Amino acid sequence: MAIADRAESVPKQTTVSRDTFTTRLGVIAATLGSAVGLGNIWKFPYLTGANGGAAFIIVYLLCTLVVGLPVMITEHVIGRTAREDAIASLKKLAPGKAWWLIGASGILASFLIMAFYTEVAAWVFAYIVKAVQGAILSTDPAVTEAAFADLVSSPVQSLVWQWIVLAFIASIIALGVSKGIERMTKRLMPALFGILIIVVIRSITLPGAGQGLEFLLKPDFSKVTGATVLTALGLSFFKLSVGMGTMITYGSYFLDDQDIPSTATRVMLSDVMVSFLAGLAIFPAVFAFGFQPESGPSLLFITIPAVFSSMPFGQVFMILFFVLTAIAATGAMLSLFEVPVAYLEGTLNWSRKKATIAVMIGLAIVGSTAALSESLLAHIRFGGIGTFFDLWDYLTSNVLLPVGGLFLCVFAGWVLRWDKLKQWLSNNGTLDNEGVVRGYYWIVKYVTPILVLIILLTGLGII
Ligand code: PFF
């Protein structure tokens, strides 16, 4: 649908012709591209492995349903209505108030997430090359561990791969919202699903795969504690890219007649499906070859190569697996990169090219703290949390995003309130979705904020 065809349900744009997504499918591809990422393939499996398998998945699904999804709808509607970057959107809907600080915290969060995210992506990109060369083809985890240690403990390799990733993402961002982000994610998402299905079929048809399936499906609630629930909550924010204005920014590129509750629900369901499929791709194979699932964040880089090396045609599946992971990471990084770029372009009126280059340099500087956290900066540790890498991860997932999400819910439920939300989410009455919007409103006003507050305070050990 052309931009000019939009219904008149939103305030007129203030800036001259903003670049936006151009088709409904494009909106879904880009939004799903943001949600699906290393969260599904790197974080979800190792957190599931470390926190009791199916029991953790159940808590995570509940958090996604009553927290992640409502926050996503809230962000989309704020962005689509205001049609500005994360900070300016909140300023526009609440002039003279401090709500824009959520957007500011979002820009900070996007830098901090990108700092460690680009490093994990850097390892993934490096692993594609290593898999092609056969350098990580060994059934002995001690060998794959040494290969990983060699990569992360080398400052030069860590930094250079991170810069390659940053330059790659910047080159897509510079092309713009429709020609860069939308076009790229529309191609990548189907490829991602296709490859994932191939790897899942390989994994679940291995002899001995049943144990892995059981691990994914049979809950062990004894491992669930307050901290585990906070981890699940943090994961649900991180997974759906919410609590930090990414979805406000993407929402500002939505079509006027996009059905927001339905789009967000579809994205959430597809994202959960990808996580589950990633679990199916990983755990049955891990168990089939006698490896342990609880090996933490290194599951992807140490255990997985050994697992793939153990199966027939393992090298091919290993290459496919890391290409798949790189694709997932790309869509997510595009959205993280877009948050500050949109701000510099929209509020400060910079050209897109200048904004992209500035953000790329900024990210390379902040990102170096994570890239060097296993080498030159390994001696700097933050209490029980760990290195710079771990600090940025913890601070964003467990603090910034939940706090941002909490305030967004309060903003929607108690400041925007029912009449506006009903009008905006029904596209000015053109959608027959009052029941859905009512359910959303009730949850976002009462349930989500209270739940997030309790989990935050308990998980952080405050109560
Ligand atoms: N949702 C992405 C993932 O699961 O990998 C990570 C992410 C992207 C988090 C964008 C936050 C964000 F704004």
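Per-structure values
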item	result
Length-normalised contact order of the range 263-335 in % [C-alpha pairs under 8 Å, at least 6 apart]	17 percent
Neighbourhood charge, 13 Å Cβ-Cβ cut-off, centred on Thr387 and excluding it, Lys, Arg +1 and Asp, Glu -1	-3
Computed Rg/Rh of the range 78-161, alpha carbon atoms with Kirkwood Rh	1.30
Positive dipole terminus of the chain, leading residue within Val410, Gly53, Ile385 (C-beta point charges)	Val410
Net +/- balance of residues flanking Val59 in space, Cβ distance below 14 Å, scoring K and R +1, D and E -1	+1
Kirkwood-type radius of the range 158-272, with distances r between different C-alpha atoms, in Å	18.1 Å
CD proxy at 222 nm, helix term only [per DSSP H run n ≥ 4: -39500 (n - 2.57); per residue of the chain; nearest 500]	-21000 deg cm²/dmol
Folded to 0 to 90 degrees: helix 69-82 orientation relative to the chain principal axis, Cα	50 degrees
Average Cα contact separation per residue, the chain, under 8 Å, 6 or more apart, as relative contact order %	33 percent
Anchor Lys97: aspartates and glutamates whose Cα lies under 18 Å away (excluding residues fewer than 8 positions away in-chain)	Glu75, Glu84, Asp85
The range 317-463: projected area of the alpha-carbon convex hull, averaged over directions, in nm²	14.2 nm²
12 Å beta-carbon shell around Ser375, net charge (K/R +1, D/E -1)	-3
Pairs beyond 19 Å (Cα-Cα), from Lys92/Lys354; Lys179/Lys353; Lys43/Lys239; Lys179/Lys354	Lys92/Lys354
Calculated diffusion of the range 37-135, Stokes-Einstein form, Kirkwood radius summed over Cα pairs, 37 °C and 0.692 mPa s, µm²/s	198 µm²/s
Hull volume in cubic angstrom per residue (convex hull over the Cα atoms of the range 247-370)	152 Å³
Peptides 338-346, 144-152 ordered by average Cβ neighbours within 10 Å, highest first	338-346, 144-152
Peptides ranked, highest mean first, by Cβ atoms within 10 Å: ranges 305-313, 207-215	305-313, 207-215
Nearest-20 debye value, the range 129-192 charge dipole, Cβ charges on Lys, Arg, Asp, Glu	500 debye
Stretchable slack from Glu294 to Ala191, in nm (0.36 nm times residue separation minus alpha-carbon distance)	34.2 nm
Order by protection proxy (mean Cβ within 10 Å, highest first), peptides 435-448, 226-239, 371-384	226-239, 435-448, 371-384
Quarter of Cα convex hull surface for the chain, i.e. mean projection, nm²	20.5 nm²
Crossing angle, helix 155-173 versus the chain [Cα axis fit, 0-90 degrees, rounded to tens]	40 degrees
Dipole magnitude (debye, nearest 20) for the chain, charges at Cβ of Lys, Arg, Asp, Glu	880 debye
Helix axis angle, 141-152 relative to the chain longest principal axis, alpha carbon, degrees	50 degrees
Relative contact order computed over the range 41-148 (Cα-Cα under 8 Å; 6+ residues apart), in percent	10 percent
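Values quoted throughout were computed directly from the atomic coordinates according to the rules given, and no laboratory measurement underlies them. Keep in mind it's a predicted model, so treat the numbers as computed, not measured. Backbone-built Cβ (ideal geometry, glycine too); neighbour counts: all protein chains shown.
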